[in-house]
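Engineer: This structure is in structure tokens; I'll ask about it shortly.
The values are calculated or read from the model by the stated rules, or taken from the named source; none is laboratory data. In this text the structure is predicted, and so the values were computed from the model without any measurement. For neighbour counting, all protein chains shown are included, and Cβ atoms are generated from backbone atoms with ideal geometry for every residue, glycine included. Keep in mind that these areas ignore ligands, DNA and RNA; they rest on the heavy atoms of the full protein, side chains included. Shrake-Rupley method; radii C 1.70, N 1.55, O 1.52, S 1.80 Å.
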Amino acid sequence: MKLLEVNTDGRPSLVSKIADDEHAEVAKRIVEAFAGKAREVGIKTILLSDLAKSLGMSKKTLYKYFPSKEAITYELIVRWERRVNEPVVFIETDIVGSIKGWAKRWVNTDAQFCVAFWRDLRSEYPDLYSHYEKAFRGRVEIIRKIISPYMREDLAQDFSWAAYRALLRSAARPEMYQRLGISREECILNAVDFWVVAALDKDKVDAATNAQ
């Protein structure tokens with residue numbers, strides 16, 4: 001098993017503004033509650049008064065921790081960036097399993113957020129969206145470098161990776177997996193299986209799998 005560091009291209013990471021004190025747990029709980037709502041409805045439609053009510057606190061109390069919706073969104077992106085910049089785990093003798101592991105990680109994090117969330121993040125907080133996108137692309141580039149030696153030589157790699165992204169995005173949409181009567185994870189993993197058969201060189205993958 002290899003741990004490959006994600007290339008951040010010298011970009012400074014976002015730093016959490018939540019103080020490490022007795023109030024930290026409340027602040028983190030606010031971010032988690034906000035993420036839960038944003039996952040379903042996006043950012044723009046969330047009212048901080050409703051968020052405070054769901055947490056059993058007044059809006060005034062919530063503002064003591066976060067002065068704005070942007071401040072909460074910032075902390076959410078801080079968490080995501082930390083996760084995205086974690087080393088990429090690659091098992092050399094289980095290439096397909098590694099790819100599925102990366103897909104499952106995506107299913108359980110970013111893919112859970114609705115289209116409205118990404119649209120709102122991009123339009124309302126473009127700097128945060130750009131920062132996250134650059135971090136995510138760094139991780140994708142590491143994954144691409146790992147898998148490239150095992151791909152079919154008769155297919156253009158740019159096309160293969162564009163198809164991979166398109167398949168996963170389509171499989172993550174509710175209208176796709178709900179129509180098929182399966183879970184989001186099952187739908188995405190089926191898309192990964194389809195891509196593996198189409199894009200990878202079976203002989204190369206088998207050789208790596210059987211290597212001692």
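Engineer: What is the one condition in (1) surrounded by fewer than 19 Cβ atoms within 10 Å (Cβ to Cβ); (2) within 19 Å of T109 (Cβ to Cβ); (3) at pLDDT 95 or above that I43 does not satisfy?
Structural biologist: If we test I43 against (1) surrounded by fewer than 19 Cβ atoms within 10 Å (Cβ to Cβ); (2) within 19 Å of T109 (Cβ to Cβ); (3) at pLDDT 95 or above, just (1) comes out false.
Engineer: Further question on the same structure: Across region 105-115, what is the number of residues that are among the aliphatic types (A, V, I, L, M) and either open to solvent by less than 30 Å² (accessible area, probe 1.4 Å) or outside any helix (DSSP H, G or I) (or both)? Walk me through how you get there before you give the answer.
Structural biologist: Step one: of region 105-115, the residues among the aliphatic types (A, V, I, L, M) are 107, 111, 115.
If we keep only those that are either open to solvent by less than 30 Å² (accessible area, probe 1.4 Å) or outside any helix (DSSP H, G or I) (or both) as well, we get 107, 111.
Adding up the residues that qualify gives 2.
Engineer: Sticking with this one: With the requirement that a residue be under 14 Å from I77 (Cα atoms) and surrounded by 13 or more Cβ atoms within 10 Å (Cβ to Cβ), what does region 16-29 give you? Before the answer, list the steps.
Structural biologist: Of all residues in region 16-29, those under 14 Å from I77 (Cα atoms) come to 16-18, 28.
S16, I18, K28 - these are the residues of region 16-29 that are under 14 Å from I77 (Cα atoms) and surrounded by 13 or more Cβ atoms within 10 Å (Cβ to Cβ).
Quick grid of which residues meet (1) hydroxyl-bearing (S, T, Y); (2) within 19 Å of T93 (Cα to Cα); (3) touching a residue at least 60 places away in the same chain (Cβ under 8 Å):
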residue	(1), (2), (3)
W161	no, no, no
V192	no, yes, yes
A198	no, no, no
K204	no, yes, no
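Yes/no per residue for (1) surrounded by fewer than 16 Cβ atoms within 10 Å (Cβ to Cβ); (2) under 25 Å from E141 (Cβ atoms); (3) small (G, A, S):
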position: A162; (1), (2), (3): yes, yes, yes
position: L168; (1), (2), (3): no, yes, no
position: A172; (1), (2), (3): no, yes, yes
position: E175; (1), (2), (3): yes, no, no
position: Q178; (1), (2), (3): yes, no, no
position: I182; (1), (2), (3): yes, no, no
position: L189; (1), (2), (3): no, yes, no
position: A207; (1), (2), (3): yes, yes, yes
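Engineer: Among the residues of region 116-151, count how many are open to solvent by 50 Å² or more (accessible area, probe 1.4 Å) and touching a Gly at 6+ places or on another chain (Cβ under 8 Å).
Structural biologist: Adding up the residues that qualify gives 1.
Engineer: To continue, here is another question. Select the helices (runs of 4 or more DSSP H) contained entirely in region 6-104, then report the ones holding at least 1 residues which are within 24 Å of E124 (Cβ to Cβ), in contact with an Asp or Glu (Cβ under 8 Å, 6 or more places away or on another chain) and without any contact (Cβ under 8 Å) to a residue 60 or more places away in the chain. Give the derivation first.
Structural biologist: On the way: elements: 24-41, 48-54, 59-65, 69-84.
By residue number, 24-41, 69-84.
Engineer: What's the total number of residues in region 166-212 that are of a type in the set (K, R) and under 21 Å from the mean Cα position of the chain (by Cα)?
Structural biologist: Filtering region 166-212 down to residues of a type in the set (K, R) leaves 169, 173, 179, 184, 202, 204.
From what is left, the residues that are under 21 Å from the mean Cα position of the chain (by Cα) are 169, 173, 184.
So the count comes out to 3.
Engineer: Further question: Report whether or not D154 is surrounded by fewer than 14 Cβ atoms within 10 Å (Cβ to Cβ) and in a helix (DSSP H, G or I).
Structural biologist: On the way: surrounded by fewer than 14 Cβ atoms within 10 Å (Cβ to Cβ): yes; in a helix (DSSP H, G or I): no.
Taking the combined requirement at face value, the residue does not satisfy it.
Engineer: So which residues in region 191-204 are of a type in the set (D, E, K, R) and either in contact with a Leu (Cβ under 6 Å, 6 or more places away or on another chain) or open to solvent by 50 Å² or more (accessible area, probe 1.4 Å) (or both)?
Structural biologist: Kept after step one, since they are of a type in the set (D, E, K, R), are these residues of region 191-204: 193, 201-204.
Across region 191-204, the qualifying residues are D193, K202, D203, K204.
Engineer: Collect the residues in region 118-145 that are touching a Ser or Thr at 6+ places or on another chain (Cβ under 8 Å) and modelled with pLDDT under 95, keeping them in residue-number order.
Structural biologist: Hits for region 118-145 are L128, A135, G138.
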